[in-house]
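Everything below concerns the one structure shown next.
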Amino acid sequence: MSPAAGIHVPLLPEHKPKIEIKHATLTGAVFNVATSIIGAGIMSIPATFKVLGVIPAFLLIVIIAMLADVSVEFLMRFTHSGHSRTYAGVMRESFGRGGAVAAQVCVMVTNLGCLIMYLIIIGDVLSGNQPEGVVHLGILQQWFGIHWWNSREFALLVTVFFIMLPLVLFRRVESLKFSSAISVLLAVVFVGISSAMAISALLEGKTETPRMLPHLDNQVSFFDLFTAVPVIVTAFTFHFNVHPIGFELGKPSDMITACRISLALCAAIYFAIGLFGYLLFGDSIMPDILVNFDQNAGSAFGSLLNHIVRLSYALHIMLVFPLLNFSLRANIDEFLFPKKPLLATDTKRFLFLTLVLLAISYLAAIAIPNIWYFFQFLGSTSAVCLAFIFPGAIVIRDVHGISTSRDRIVAAVMIILAVVTSTIAISTNIFSLF
């Protein structure tokens, strides 16, 4: 196993046993895991309620959250039974070099895709979007009019340089616990205000009755329902940060506890924003719900709430960005420079990877305007591999001889469900293009 992944930073050399190692806290781990989960996923959850209906969407959120908990438990159990401290290392122990490369590539694709989505969302909030010819103004344009300095390109450039860059220069995950705590608080503010607006609209009779079950017609087929599954899978994919966060804890087994608390919290947040977002905007809801909040609320107070909702979540996304960048950078370094020293100890290499990743994320976010396609692609490919297929395969391979019959059955069911739903989603998307 290469040490180059950069997650051993808090560990000190063995010849200095008298120096106390500062471990991460369980609370910090909960905030970091919750921030890794919520990310951009919350933006497209209301659109899945529109596709599926309230009851199937609720059941899907619960099922995927439970499967995510099982897959993390599998992953950590096999990690502690072996000698590796990274996701790629666990895959290497089970499947050799090919398994390690598969995990690294999936982490790189998933995280880079998510970082690009974050910048697209921030661009939507600050400078608006024009989906299908409908103009949605950004906050800066609503406040100051349309100028060159509040264009999507310039606003994102300033955000990347003055907010993202300082945060991605931290070399320990634990250093991000305070920004993660703030980001979770901002997500709760976002959900709270959205819920209050939806309840107010409901009492005033301004909302339509939400569909409890999916409505199938000439525009929506049974197979179209499967395109919502990858969106929720992506929203619950955080497995790339399980090892970096878990091994900074004084007791790594606490990671499972942190994950369960975070999954319960995030499932509740997802259901709340899905239901109330759907109530608020009905069938006019966009793949990125923040775009819907540019509408005129009919009063100065309503407009203020719209702006607070959009800004709070844009700030949340900015604070999530460095967490995913951390594991992405570590995996790329392990993949490209397996024999180099620790990434955190090599400043030139650290800065080079950090700046290149920021530049790629920025350029892609400018070129690609819609996050729905990103969610479906990632949820059908790399994210579903990291969240369900790889952990299930590790259990079935069982190189340490610790899997029970129940484990193998659960792992097999998890893999089959993941493969079938992803295949149908990919096929439906390809068919819709023609």
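Take Phe326 and tell me if it is closer than 15 Å to Val229 by Cβ, buried (at least 24 other Cβ atoms within 10 Å of the Cβ), of a type outside the set (Lys, Arg) and at pLDDT 85 or above.
Judged against the criteria, Phe326 is not a match.
Go through Ala57, Ala34 for me and flag whichever is more than 25 Å from Leu185 (Cβ to Cβ) and either open to solvent by less than 10 Å² (accessible area, probe 1.4 Å) or part of a strand (DSSP E or B) (or both).
The match here is Ala57.
Quick one: which of Leu216, Leu169 is open to solvent by 10 Å² or more (accessible area, probe 1.4 Å) and at pLDDT below 80? Full working, then the answer.
On the way: Leu169 fails: at pLDDT below 80.
So the residue among Leu216, Leu169 that is open to solvent by 10 Å² or more (accessible area, probe 1.4 Å) and at pLDDT below 80 is Leu216.
Residues to consider are Arg408, Arg349; find the one that is touching a Phe, Trp or Tyr at 6+ places or on another chain (Cβ under 9 Å), among the charged types (D, E, K, R) and modelled with pLDDT of 85 or more.
Arg349
Look through Leu140, Leu119, Leu157 and report the one residue that is on the phi < 0 side of the Ramachandran plot, touching a Leu at 6+ places or on another chain (Cβ under 9 Å) and either among the acidic types (Asp, Glu) or surrounded by fewer than 22 Cβ atoms within 10 Å (Cβ to Cβ) (or both).
Testing whether each residue is on the phi < 0 side of the Ramachandran plot, touching a Leu at 6+ places or on another chain (Cβ under 9 Å) and either among the acidic types (Asp, Glu) or surrounded by fewer than 22 Cβ atoms within 10 Å (Cβ to Cβ) (or both) leaves just Leu140.
Could you tell me whether any residue of the stretch 99-113 is in contact with an Asp or Glu (Cβ under 6 Å, 6 or more places away or on another chain), surrounded by 15 or more Cβ atoms within 10 Å (Cβ to Cβ), under 30 Å from Tyr278 (Cα atoms) and not aliphatic (A, V, I, L, M)?
First pass over the stretch 99-113, keeping only residues in contact with an Asp or Glu (Cβ under 6 Å, 6 or more places away or on another chain): none.
No, that holds for no residue.
Residue by residue through the stretch 245-283, note down the ones that are assigned to a helix (DSSP H, G or I), more than 22 Å from Leu60 (Cα to Cα) and of a type in the set (D, E, K, R).
Asp254, the sole residue that qualifies.
I need the full set of residues from the stretch 290-316 which are at pLDDT below 75 and of a type in the set (A, V, I, L, M), in order please.
Within the stretch 290-316, Leu290, Val291, Ala297, Ala300 meet the criteria.
Here is a list of conditions, (1) assigned to a helix (DSSP H, G or I); (2) open to solvent by less than 10 Å² (accessible area, probe 1.4 Å); (3) under 15 Å from Phe240 (Cα atoms), and Ser84 meets all of them except one; can you say which number that is?
(1)
Restricting the first residue to the stretch 396-415 and requiring it to be open to solvent by 40 Å² or more (accessible area, probe 1.4 Å), which pairs with a second residue that is part of a loop (DSSP other than H, G, I, E, B) meet a Cβ separation below 9 Å and a spacing of at least six or different chains?
What qualifies is Ile396/Ser403; Arg397/Ser403; Val399/Gly82; His400/Gly82; Arg408/Asp398.
Of all the residues that make up the stretch 143-154, how many are open to solvent by 40 Å² or more (accessible area, probe 1.4 Å) and either at pLDDT below 80 or farther than 21 Å from Ile360 by Cα (or both)?
6
Name the residues in the stretch 358-387 that are within 30 Å of Asp69 (Cα to Cα) and either modelled with pLDDT of 75 or more or touching a strand residue (DSSP E or B) at 6+ places or on another chain (Cβ under 6 Å) (or both), would you?
Ser361, Thr381, Ser382, Ala383, Val384, Cys385, Leu386, Ala387
The values are calculated or read from the model by the stated rules, or taken from the named source; none is laboratory data. This one's a predicted model, so the numbers in the text were calculated from it and none came from an experiment. Every residue, glycine as well, gets a Cβ built from its backbone with ideal geometry; the counts of neighbours run over all protein chains shown. These area figures cover heavy atoms from the full protein model, side chains too; ligands, DNA and RNA do not enter into them. Shrake-Rupley method; radii C 1.70, N 1.55, O 1.52, S 1.80 Å.
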